[in-house]
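Rule-based calculations on the coordinates, nothing more; no lab input. Computed from a predicted structure; not experimentally measured. When we count neighbours, we look across all protein chains shown, and the Cβ atoms used for this are built from the backbone with ideal geometry, even at glycine.
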Amino acid sequence: MPELIPDQAAIAAAARLLEQGELVALPTETVYGLGADAENPEAVAKIYAAKGRPANHPVIVHVAPGADIAYWASDIPAEAKRLIDAFWPGPLTLILKRAAHIPDAVSGGQDSVGLRCPSHPVAQALLREFKGGRGGVAAPSANKFGHVSPTTARHVRDEFGTPPQGPLAAILDGGQSAVGIESTILDLSRMPSHGPVLLRPGHISPQQIADVIGVMPALPDAAAPRASGTLDAHYAPATPVALVAAAQLPGLLEKAARTGKRIAVMHRSELSIINAVAQYHMPATPEGYAHDLYAALRAMDAVHADLIVVETLPVTVPWQGINDRLRRAAFDSAGILERLALASM
Ligand code: TXA
Ligand code: MG
């Protein structure tokens, strides 16, 4: 695949493939998406098959700038329109009541639909070209179910192979995703009874949302719509991941060296790391960290260590989205350290 920004001919070709019911991977500003025509249930079924994703997990529908939201959703609250004006195109997904004619396949059988207008120029060009800008591209992150999301075309090839081999008809290469973690998901489908509910934290913060609609989003309740990115174990590399405070790191590495365990480290502090088989010095800012996060997890996974150790981060609002992803990648951190006999006494 070309490493260049796809030209109009490549984008038109990708749009035709989508219109024919094929799968096309597309770059977005958050992560790469695995796209299919949202109104073609057979095409959407190919997404589920390729990802190995359970059929009751809904996918986000990506629309072109200026798309008619009323085509996809019903009972659209005024808050949705204000958020769209403020944050689209951009990394915010809105869950709204689904319009009656939208296929079950995209909503995983729920009565809602997730909508997002991405800001990446290649995604926008594709959405404008696809069905003359009136279509929707259903696109989950372009990774196997539960794996780390892709932020480069190379990551997508690592997951699914190089087209035409594998399940994808094409991959559009738009460079490395700028944001690096998935969109903020806000549920507005139960506005009258529950108000706005944050289903997944991301680059757009609860405060930014509150500044626009005047209400701070609540955290999910038991009846909130399901979101697979909110399962406990998700975004995980094949190598176990554990979160460890900077102060515990030297002791852990020493113990690992003594017991012959191979450790890969992702650290943010200025630490001199010894005895690690691989290390990634992560950027200091939340923006920089998010940008590098998935590439770093993939790079650390590739050395086949016994464990990837990630230095814990501040638990402040700017780190919310990143901490959410790391907590899921490091699901059962304590148990993993226990089993490797690396838990601190
Ligand atoms: O940044 C992103 O959102 C990326 C890019 C490609 O746009 N997409 C992404 O998709 O992260 P995915 O499928 O990996 O995660 C989307 C999340 C899932 O947890 C899904 O369950 C939830 O959105 N979702 C989609 N439609 C929904 C709906 N109608 N109700 C509740 N959750 C929904
Ligand atoms: Mg995903």
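Data overview
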{"quantity": "Tensor-based shape of the stretch 140-279 (alpha-carbon gyration tensor, a/c under 1.5 rounded, otherwise prolate or oblate)", "calculated": "oblate"}
{"quantity": "Placed amide H near A73: partners under 5 Å, 5+ positions off or other chain", "calculated": "A99"}
{"quantity": "Two-site FRET efficiency, E19 against A341, from Cβ-Cβ distance with R₀ of 41 Å, rounded to 0.05", "calculated": "0.15"}
{"quantity": "Cα centroid of the stretch 87-147 to Cα centroid of the stretch 254-289, whole Å", "calculated": "37"}
{"quantity": "5 angstrom amide H check on T312, placed H, neighbours 5+ away", "calculated": "V244, A245, A246"}
{"quantity": "The chain: relative contact order as a whole-number percent, Cα under 8 Å and 6+ apart", "calculated": "19"}
{"quantity": "Among L127, P150, I308 - extreme Cα towards positive end, dipole of the chain, charges at beta-carbon", "calculated": "I308"}
{"quantity": "DSSP-assigned coil residues among GluC sites (Glu not before Pro) in the stretch 112-187, each with at most 15 further Cβ atoms within 10 Å", "calculated": "none"}
{"quantity": "Sequence of K255, K144 once ranked by neighbouring C-beta atoms within 10 Å, starting from the fewest", "calculated": "K144, K255"}
{"quantity": "Backbone N under 20 Å from the A334 label point (7 Å along Cα→Cβ), restricted to the stretch 240-271", "calculated": "240-249, 252"}
{"quantity": "Environment charge at I181 (Cβ cut-off 11 Å; Lys +1, Arg +1, Asp -1, Glu -1)", "calculated": "-3"}
{"quantity": "Charge tally in the Cβ shell below 12 Å around G66, where Lys, Arg are +1 and Asp, Glu are -1, G66 excluded", "calculated": "0"}
{"quantity": "Residues whose placed amide H lies under 5 Å from that of Q279, excluding near-sequence neighbours", "calculated": "V265"}
{"quantity": "Estimated [θ] at 222 nm from DSSP helical runs (n ≥ 4, -39500 (n - 2.57)) normalised by residues in the chain, nearest 500", "calculated": "-9000 deg cm²/dmol"}
{"quantity": "The chain shape via C-alpha gyration tensor axes, a/c threshold 1.5", "calculated": "prolate"}
{"quantity": "Pairwise label distance in nanometres, A86 with V212, each label 7 Å out on the Cα-Cβ vector", "calculated": "0.6"}
{"quantity": "For the stretch 1-104: rounded, prolate or oblate by the Cα gyration tensor [a/c cutoff 1.5]", "calculated": "oblate"}
{"quantity": "Under Karplus coefficients 6.51, -1.76 and 1.60, residue-wise ³J(HN,Hα) of the stretch 301-316 in Hz, glycine/proline x", "calculated": "4, 5, 8, 6, 6, 6, 7, 9, 9, 10, 5, 5, 10, x, 9, 9"}
{"quantity": "The stretch 202-225 versus the stretch 11-77: alpha-carbon centroid distance in Å", "calculated": "24"}
